[in-house]
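J.: Below is a structure I'd like to ask you about.
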Amino acid sequence: MNDDLKRAFTALNGKLLPYNKLFSYADGNQPIVYSTERLREAFGNINAHFSQNWCSVVINAALDRLTIKGFDAKNAVVNKTLDDLWARLNLGIDSYEAHKDSLITKEGYIIAWKDDDNGISAYHNDPRMVHVFYKPEQPKEKQFAAKWWFDGAVWHMTLYYPDHLEYYVKRGETQPSAYSAFQPAKVPTAPNPFGVIPVFHFRGVGELENIVTLQDAVNKLFADMMVAAEYGAFKQRWIIAHDDTSALKNAPNEIWEIPAGDGTGQDASVGQFDATPLDNYLKAINEIANSIAIISRTPKHYFYSAGGQLSGEALLAMEAPLTKKVDTYQERFTPVWRELGAFLVKLSGSGDIDPNEITVTWKPSESIQPYTEAQTRQLAVASGIPLVTQLKRNEGWTESEIKAMQKDAADEKKANAALAPILLDEARAKTASDNSNPLDNPGDNQNGLSE
């Protein structure tokens with residue numbers, strides 16, 4: 001299997017530089033790129049870093065709406081198993097990290113397996129550490145997967161196959177420079193009793209590839225603006241005089257006494273240089289931000305104020321491209337989550353389940369407008385669509401949440417039924433009391449005496 005080891009090393013080693021760059025841009029640790037050597041020489045020695053990180057805006061705009069709530073299954077036992085595993089393994093956190101990686105680098109990973117105590121583990125893995133190879137003739141079918149990592153003393157490489165796992169090591173802190181540096185571990189192989197490659201690959205589209213150069217332009221303009229603000233935005237005054245002017249102070253209410261010229265040379269004079277305008281930089285930055293918004297399908301009000309108060313319908317219309325993009329990501333990731341859910345059920349000992357029998361529950365991708373949502377729900381119920389169907393399909397409620405709602409409704413109905421006789425008795429007692437009041441008897445006068 002040395003050919004597979006070589007392929008794994010080449011793929012993982014080849015990811016490092018491009019993925020490090022993408023993560024740096026997402027985190028805001030972006031280099032200032034100057035267009036010429038002269039600009040680099042002029043500004044490169046400034047001991048400061050100025051940037052506006054629009055990359056994070058693009059990533060977070062989609063990531064905040066790409067939220068998975070868990071799994072649902074019609075089988076009650078399987079559904080409970082999935083709910084317990086989701087909560088116990090904190091898969092909500094791992095889903096966030098895997099989705100974020102896929103938005104930054106086009107791929108995210110979660111690996112699930114039995115841990116040392118024979119329990120179940122499932123962890124997000126950095127895409128720079130993991131790679132999946134697919135069959136050339138069947139691009140959706142995994143051929144094998146690889147993961148490498150460093151534990152502080154030894155470099156490890158694990159190859160995952162449907163029927164076994166292979167382990168390789170390279171001792172020493174130096175990062176391997178060739179696949180031949182790895183040797184079989186003391187225990188070179190282990191069986192895979194589950195018949196599944198336990199590496200789950202979330203293949204995204206990548207949000208940064210088309211906007212990196214625009215981010216460079218924004219940072220360049222912003223840095224230049226800060227340099228201009230430092231050296232040219234403050235109006236510089238100048239004086240031509242024959243005497244020493246060092247005692248003159250530039251302060252409010254200061255009066256300068258400048259000696260006149262001697263009549264033969266340059267007359268004494270004062271003036272000031274115009275300040276460097278900063279509006280040109282801000283206008284150019286806003287134009288580039290607008291381009292980033294268009295290319296990434298991110299609403300413009302994420303970058304700067306849209307002005308005024310938008311109505312709910314206007315906001316939904318403005319965010320429609322972002323919502324569609326997030327919906328596409330959900331469609332791409334749902335089959336992977338189903339496969340992971342089915343594998344977790346198998347690891348738990350609950351047997352095999354078809355991944356298509358698992359429903360992945362996402363939070364709605366569009367902005368929630370409570371009043372509009374309530375109206376839509378009411379109209380749908382009036383038109384004959386069951387409330388439960390709406391909550392599942394449109395609002396992302398899980399089976400557990402729906403069952404809890406139905407239980408609360410049943411408890412409320414039961415409580416109301418028990419309260420009804422009490423209220424009826426109170427009403428009867430009040431009526432009887434009112435009827436026995438002598439003031440209400442027409443045969444009695446106000447003194448209680450008969451006519």
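The values are calculated or read from the model by the stated rules, or taken from the named source; none is laboratory data. Bear in mind that the values here come from a model prediction, so they are computed numbers and not experimental data. Heads up, the Cβs are rebuilt from the backbone with ideal geometry, glycines too, and the neighbour counts pull from every protein chain shown. Only protein heavy atoms, including side chains, enter the accessible area calculation; ligands, DNA and RNA are left aside. Shrake-Rupley method; radii C 1.70, N 1.55, O 1.52, S 1.80 Å.
J.: Would it be correct to say that Asp126 is open to solvent by 60 Å² or more (accessible area, probe 1.4 Å), modelled with pLDDT of 95 or more and on the phi < 0 side of the Ramachandran plot? Let's see the steps before the verdict.
T.: Numbers: open to solvent by 60 Å² or more (accessible area, probe 1.4 Å): no; modelled with pLDDT of 95 or more: yes; on the phi < 0 side of the Ramachandran plot: yes.
So Asp126 does not fit the description; no.
J.: For segment 67-103: of the residues being touching a helix residue (DSSP H, G or I) at 6+ places or on another chain (Cβ under 9 Å), surrounded by fewer than 20 Cβ atoms within 10 Å (Cβ to Cβ) and polar (S, T, N, Q), which is nearest to Glu331 (Cα to Cα)?
T.: Among those residues, the one meeting the criterion is Thr67.
Every residue, every condition in (1) under 30 Å from Asn286 (Cβ atoms); (2) in contact with a Phe, Trp or Tyr (Cβ under 7 Å, 6 or more places away or on another chain); (3) modelled with pLDDT under 95, yes or no:
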position	(1), (2), (3)
Lys147	no, no, no
Pro162	no, no, no
Pro176	no, yes, yes
Pro198	no, yes, no
Val205	yes, no, yes
Gln215	yes, yes, yes
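J.: Here's something else I'd like to know. I'd like to check something: does segment 185-204 contain any residue that is among the β-branched types (Val, Ile, Thr), in contact with a strand residue (DSSP E or B) (Cβ under 8 Å, 6 or more places away or on another chain), open to solvent by 60 Å² or more (accessible area, probe 1.4 Å) and assigned to a strand (DSSP E or B)? Steps first, please.
T.: Step one: of segment 185-204, the residues among the β-branched types (Val, Ile, Thr) are 187, 189, 196-197, 199.
Still in the running and in contact with a strand residue (DSSP E or B) (Cβ under 8 Å, 6 or more places away or on another chain): 187, 189, 197, 199.
Still in the list and also open to solvent by 60 Å² or more (accessible area, probe 1.4 Å): 187, 189.
Those still in the list that are assigned to a strand (DSSP E or B) too: 187, 189.
Checked segment 185-204: at least one residue is among the β-branched types (Val, Ile, Thr), in contact with a strand residue (DSSP E or B) (Cβ under 8 Å, 6 or more places away or on another chain), open to solvent by 60 Å² or more (accessible area, probe 1.4 Å) and assigned to a strand (DSSP E or B).
J.: Just to verify a result, which residue in segment 289-314, among those that are open to solvent by less than 30 Å² (accessible area, probe 1.4 Å) and more than 25 Å from Ala223 (Cα to Cα), is modelled with the lowest pLDDT?
T.: Per the criteria, the residue is Gly312.
J.: Here's a follow-up. Just for segment 266-288: of the residues that are at pLDDT 85 or above and open to solvent by less than 50 Å² (accessible area, probe 1.4 Å), which one is farthest from Ile240 (Cα to Cα)?
T.: Ranking the qualifying residues of segment 266-288, first place goes to Ile288.
J.: Kindly indicate whether any position in segment 131-138 is under 30 Å from the mean Cα position of the chain (by Cα), closer than 29 Å to Leu22 by Cα, surrounded by 13 or more Cβ atoms within 10 Å (Cβ to Cβ) and free of Cβ contacts under 8 Å to residues at least 60 places away in the same chain.
T.: Yes, because at least one residue in segment 131-138 is under 30 Å from the mean Cα position of the chain (by Cα), closer than 29 Å to Leu22 by Cα, surrounded by 13 or more Cβ atoms within 10 Å (Cβ to Cβ) and free of Cβ contacts under 8 Å to residues at least 60 places away in the same chain.
J.: Can I ask one more? So Leu214 clears everything in (1) touching a helix residue (DSSP H, G or I) at 6+ places or on another chain (Cβ under 8 Å); (2) surrounded by 19 or more Cβ atoms within 10 Å (Cβ to Cβ); (3) closer than 30 Å to Ala293 by Cβ except one condition, right? Which one?
T.: (2)
J.: I'm trying to understand the selection: among the residues of segment 154-184, which are of a type in the set (Gly, Ala, Ser), free of Cβ contacts under 8 Å to residues at least 40 places away in the same chain and exposed (fewer than 12 other Cβ atoms within 10 Å of the Cβ)? Even if it seems obvious, please write down each step before you answer.
T.: Taking segment 154-184 and keeping what is of a type in the set (Gly, Ala, Ser), we get 172, 177-178, 180-181.
Still in the running and free of Cβ contacts under 8 Å to residues at least 40 places away in the same chain: 172, 177, 180-181.
Residues satisfying the conditions are Gly172, Ser177.
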